[in-house]
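J.: This structure is in structure tokens; I'll ask about it shortly.
The values are calculated or read from the model by the stated rules, or taken from the named source; none is laboratory data. Quantities reported herein were computed from a predicted structural model and do not represent experimental measurements. Don't worry about glycine lacking a Cβ; one is built from the backbone with ideal geometry, like all the others, and counts go over all protein chains shown. Quick note on the areas: whole protein, heavy atoms, side chains included, nothing else; ligands and nucleic acids left out. Shrake-Rupley method; radii C 1.70, N 1.55, O 1.52, S 1.80 Å.
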Amino acid sequence: MATRFWLFKSEPTCYSFDDLMRDGTTHWDGVRNYQARNFLRDEIKKGDQVLFYHSNCKEPAVVGICEVVRDGYPDHTAFDSDSDHPDLTSSRENPRWYMVDVEPIRKLENPVSLSLMKDVSDLVDMQLLKRGNRLSVMPLSQEHFSKIISLSE
DNA sequence: GCCAACGTTGGC
DNA sequence: GCCAACGTTGGC
């Protein structure tokens, strides 16, 4: 299957791109939304490219690129009542929530801010810019992916 | 199955 | 801190 492109949101106070650079890899746990879950479980595959977006912070922006290194598998943090995102309606036998593993490729030379992206006509139909969008994991076209990277240079 | 109430997200 | 938008819950 062809490489596909995605945008993952994270609040930098919670987990930033620098945290991912430091860790070298992470599992993208804690997603508790069915639409995002379906992407993680069914669509996002090893080798796919991901833009890392900082949300809910002073300057919301795409800050780095990463790559999926493991296909979707059950999010075990849901089974753990001591985790940050417990959901005991999910079990090992019948998991409700899924995650993938990612590794950083590189930090962008310059962050591509939300306000900049809003001003770029090629990006008007990007899902991130749609009104009321709240998905933390969303698909991205190759064109939008490439455009955002060119804006960071 | 409807829908009001509520909680969360996330930009500003 | 405000608030619009959205998803989920639960009574009926």
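J.: Between A:D80 and A:H27, what is the label-to-label distance in nm when each label sits 7 Å out along the Cα-to-Cβ direction?
T.: Here the answer is 0.8 nm between the modelled labels.
J.: How large, in percent, is the carbon and sulfur part of the accessible surface of chain A at a probe radius of 1.4 Å? Don't jump to the answer; show the numbers that get you there.
T.: Numbers: 3680 of 8330 Å².
So the carbon and sulfur contribution to the accessible surface is 44 percent.
J.: Name the residue from A:T25, A:Y15, A:Q35 whose Cα lies farthest towards the positive end of the charge dipole of chain A, charges +1 on Cβ of Lys and Arg and -1 on Cβ of Asp and Glu.
T.: Selected residue: A:Q35.
J.: Express in nm, to one decimal, how much length is gained between A:S150 and A:N56 on full extension, taking 0.36 nm for each residue of separation and deducting their alpha carbon distance. Please list the in-between numbers first.
T.: Working: separation 94, 0.36 × 94 = 33.84 nm, distance 2.39 nm.
Contour length minus Cα-Cα distance gives 31.5 nm.
J.: Let me ask something else about it. Please find the FRET efficiency linking A:N38 to A:T13, where r is the Cβ-Cβ separation and R0 is fixed at 35 Å, and quote it to the nearest 0.05. Don't skip to the end; give the middle numbers.
T.: On the way: r = 27 Å, r/R0 = 0.78.
The calculated FRET efficiency here is 0.80.
J.: Calculate how many DSSP beta bridges within segment A:5-151 are antiparallel, expressed in % of all such bridges and rounded to the nearest 5.
T.: Values: 22 of 28 bridges.
Counting DSSP beta bridges with both partners in segment A:5-151, the antiparallel share is about 80 percent.
J.: Once you've got the GNM for chain A with C-alpha springs shorter than 10 Å, pick whichever of A:D125, A:D71, A:D18 has the biggest mean-square fluctuation.
T.: So, out of A:D125, A:D71, A:D18, the one fluctuating most is A:D125.
J.: Given a 1.4 Å probe and heavy atoms of the protein chains only, how would you sort A:T89, A:T25, A:T13, largest accessible area at the top? Can you show the working numbers first?
T.: On the way: A:T89 85, A:T25 65, A:T13 130 Å².
Result, largest first: A:T13, A:T89, A:T25.
J.: Pick from A:V120, A:V69, A:V100: which residue has the top mean-square fluctuation in a GNM of chain A where Cα pairs under 10 Å get a spring?
T.: Result: A:V120 has the largest fluctuation of those listed.
J.: Turning to a different aspect of this structure: Enter the accessible area per residue of chain A (Å², integer; probe 1.4 Å; all protein chains in place). Let's see the in-between values first.
T.: Working: 8330 Å² over 153 residues.
Using a 1.4 Å probe on heavy atoms only, each residue of chain A averages 54 Å².
J.: So, one more: A:D119 versus A:T89, label points 7 Å from Cα toward the beta carbon: distance in nm?
T.: Placing both labels 7 Å along Cα→Cβ, they lie 4.4 nm apart.
J.: Sorted by accessible area with a 1.4 angstrom probe, largest first, how do A:K58, A:K45, A:K130, A:K118 fall?
T.: Working: A:K58 205, A:K45 60, A:K130 105, A:K118 130 Å².
Sorted by accessible area, descending: A:K58, A:K118, A:K130, A:K45.
J.: Can you tell me what share of the DSSP beta bridges in segment A:1-84 is antiparallel? A percent to the nearest 5 is fine. Please list the in-between numbers first.
T.: Values: 6 of 12 bridges.
Around 50 percent of the beta bridges assigned by DSSP in segment A:1-84 are antiparallel ones.
J.: Moving on to the next point. Only Lys, Arg, Asp and Glu count, each charged at its Cβ (+1, +1, -1, -1), so figure out the dipole size of segment A:5-151 about its Cα centre, rounded to 20 debye. Working shown, then result.
T.: Working: 18 positive and 24 negative charges, 80 e Å.
The dipole of segment A:5-151 has a size of about 380 debye.
J.: Helix-only mean residue ellipticity at 222 nm, chain A, DSSP H runs n ≥ 4 weighted -39,500 (n - 2.57), per residue, nearest 500. What is it? Working shown, then result.
T.: Details: 4 runs with 27 residues, N = 153.
So the calculated ellipticity at 222 nm is -4500 deg cm²/dmol.
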